[in-house]
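> What follows is a structure written as structure tokens; I'll ask about it next.
Laboratory data are not the source of any read-out in this text; all were calculated from the coordinates shown. Everything numeric in this text was worked out from a predicted model, so none of it was measured. Using ideal geometry, Cβ is built from the backbone for each residue, glycine included, and neighbour counts are taken over all protein chains shown.
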Amino acid sequence: MEANIGLQKNILGLQLPTDPRWVNLAEISLEEILTDHAYCEQKAAVSCMSLIQRYSDRDVLVDELSPIVTEEWGHFRLVLAEIRKRGFQLGKQRKDEYVNALFGFEKKGGSEEDRLLDKLLICALIEARSCERFKRLSEGLDDEYLSRFYRRFMESEAGHYRTFIDLARQYVPEEKVWARWEEWLVFEAGIMQQLSPRGDRMH
């Protein structure tokens with residue numbers, strides 16, 4: 001229960017907010033940030049498909065993630081359309097230092113329950129940070145259209161975050177979920193302290 005209450009202190013429990021300078025950097029690098037955003041949506045769809053394939057015997061997981069696959073791919077198309085509308089090009093996919101750092105904290109051994117929990121919490125954390133970044137963009141961009149654009153994405157990512165947390169609670173004892181989630185939050189805050197704010201990256 002204490003962990004659950006703690007989630008309300010900051011947006012979705014994140015312990016370290018995005019450096020405010022990031023929005024200004026993103027605004028002058030719109031082509032790069034939109035490209036990176038597009039690939040983030042693509043990778044989110046692929047991650048959900050991978051979970052469905054690996055845990056096809058978990059009916060609730062399959063049923064909950066199937067529509068997210070469709071939604072994330074739809075988001076990719078929306079961002080791609082915005083790129084085209086602005087006369088930009090979809091650039092090359094670049095290494096995601098933030099996500100790669102998260103993977104380094106994932107439990108590779110242990111029980112199947114532990115591995116499933118970490119996979120779901122990684123997805124929840126990525127969605128939470130994306131939601132926080134979209135909130136920053138929706139509030140800090142001078143472009144009113146893009147502000148509304150990112151407000152819609154923010155609301156969607158918050159819903160995805162809740163789905164992954166709920167799935168973790170579906171398959172793993174709740175006390176264990178919150179204990180591991182707190183560990184992830186601390187680790188993620190450390191990553192954010194180490195990474196410099198880059199306007200050409202969504203994370």
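> Which value, in nm² and rounded to one decimal, describes the direction-averaged projected area of the C-alpha convex hull of the stretch 27-101?
Taking the Cα atoms of the stretch 27-101, their convex hull projects to 5.8 nm² on average.
> Then there's this: Report the one residue of GLY91, PRO20, ILE165 whose Cα lies farthest in the direction of the positive end of the charge dipole of the chain (charges on C-beta: Lys and Arg +1, Asp and Glu -1; origin at the Cα centre).
Of GLY91, PRO20, ILE165, it is GLY91.
> Let's test this: bin the Cα-Cα distances of the stretch 52-174 at 10 Å from zero up to the farthest pair and state each bin's percent.
11, 35, 35, 15, 3
> Can you tell me, using C-alpha contacts under 8 Å and at least 6 residues apart, the relative contact order of the chain as a whole percent?
Reported relative contact order: 35 percent.
> Show which aspartates and glutamates lie in cross-link reach of LYS85 when reach means a straight Cα distance below 12 angstrom and same-chain residues fewer than eight apart are skipped.
Leaving aside aspartates and glutamates fewer than 8 places away in the same chain, those within reach of LYS85 are GLU31.
> Would you list which lysines come within 24 Å of LYS95, measuring only between C-alpha atoms, while excluding same-chain residues fewer than 8 positions from it?
LYS43, LYS107, LYS108, LYS119, LYS135
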